[in-house]
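Below is one structure, written out as structure tokens; comments come after it.
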Amino acid sequence: MFIYTSTVTNWMMVVCIFLNSEDVYAMICQLESAAFQPKSQKEYLYIHEWKGSAYFIKKLFYGLSLTLTCLAPIVGVLQGKTAPLVSYIPPWIHWRVYFWLQALVSVCNATMGATYISFLCTMLIEAIIQVACLKERLQFTEDRRSLVECIERYSEITEFTKRLHHICKIGLSAVIVAGVLNTCTTFSLIVKVKFIELAFLVPYMSCIVAIIYIHCFYGTILATESEDIPYSLFSSKWINTDDSHKRTLLLFMVFSKKQITIKLVGGTLTMSLPLFVQIMRTAYAYFNVLQSVE
């Protein structure tokens, strides 16, 4: 089950990114535009800090994918299986050929998973960077021209997150749903399987939980950072400005009160830490139900 669900969701996510390649290209162009470039030392520090986080996520998931790709055949061989990933071997193919074919498919599957996770997390982090830099600039706006520039940048950020949401709404929703199913199943299997199988199941479950947590964590950070935009506006040097500037600032404060969030499953769920807690509670409740039935 794990192999099938992981393969299907990984392919779905990669296909979603491919079908939205125009949005991906537009997002990259936005990141390279002058409006999205840092203009102060503090903004450079924000970028350096968050870029380091993105690089860590990339290394983490490529490392986890490599570990699981190596563990699956090793555990299978230790159990005496000639087809360690899928037990059925077609009669028309030699088992050694089938073994290496499975190994190749596993490497491709793991690479796809690590690639789309790294891409989505990087784009989320880029959105967080832009919101943090915008808040920094808003605190020092003292004329109408600089305020209009910040409003235009806010509009660019919302357009960027809309494109990201368009990419995530189907593929990442499928990943989250499959992650819930796999987590529930893994919980129920942990108390039944042999000790040697735990060498694969525990890292696998950790990887699934990490995928869900990372996206929910950065979704929460993005929402929290965007929620502070009106407070940054209020902290700007607006007291001695004219009435026109104050009206524009007030309208912008009202307009920017809405959090920037990523919606999943048809807009019914918000990618945030409360969603992660809800998923873990669901998995644990499912585990308790199975235990009580048995």
Exercise for review: Would you mind finding the one in Val180, Val289, Val193, Val277 that is in contact (Cβ under 8 Å) with a residue 12 or more places away in the chain and of a type in the set (A, V, I, L, M, F, W, C)?
Suggested key: Val180
**Study point:** Hits in region 128-154 - residues which are farther than 23 Å from His215 by Cα, surrounded by 19 or more Cβ atoms within 10 Å (Cβ to Cβ) and of a type in the set (Ser, Thr, Tyr)
**Key:** Thr141
Study note, to complete from the structure: Across region 1-57, the tally of residues that are within 30 Å of Phe187 (Cβ to Cβ) and outside any helix (DSSP H, G or I) stands at 1
Study note, to complete from the structure: Of the listed residues (Ala285, Ala199, Ala174, Ala178), the one being within 30 Å of Phe56 (Cβ to Cβ), at pLDDT below 85 and surrounded by fewer than 17 Cβ atoms within 10 Å (Cβ to Cβ) is Ala199
Point to revise | Count of region 262-290 residues which are over 16 Å from Ile221 (Cβ atoms) and in contact with a Gly (Cβ under 8 Å, 6 or more places away or on another chain) | key: 1
Check your understanding: Hey, among Ile221, Ile279, Ile262, Ile212, which residue is over 15 Å from the mean Cα position of the chain (by Cα) and either at pLDDT below 85 or closer than 30 Å to Asn10 by Cα (or both)?
Key -> Ile279
Practice item. Being polar (S, T, N, Q) and in contact with a helix residue (DSSP H, G or I) (Cβ under 9 Å, 6 or more places away or on another chain) is the filter; apply it to region 243-282 and report the residue that is farthest from Ser206 (Cα to Cα). Key: Ser244
Practice item. Test Val97 against the criterion of being part of a helix (DSSP H, G or I), at pLDDT 70 or above, over 32 Å from the mean Cα position of the chain (by Cα) and among the aliphatic types (A, V, I, L, M), and give yes or no. Key: yes
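The values are calculated or read from the model by the stated rules, or taken from the named source; none is laboratory data. Because the structure is predicted, anything quoted here is derived from the model rather than measured. FYI the Cβ positions are ideal-geometry reconstructions off the backbone, even for glycines, and counts take in every protein chain you see.
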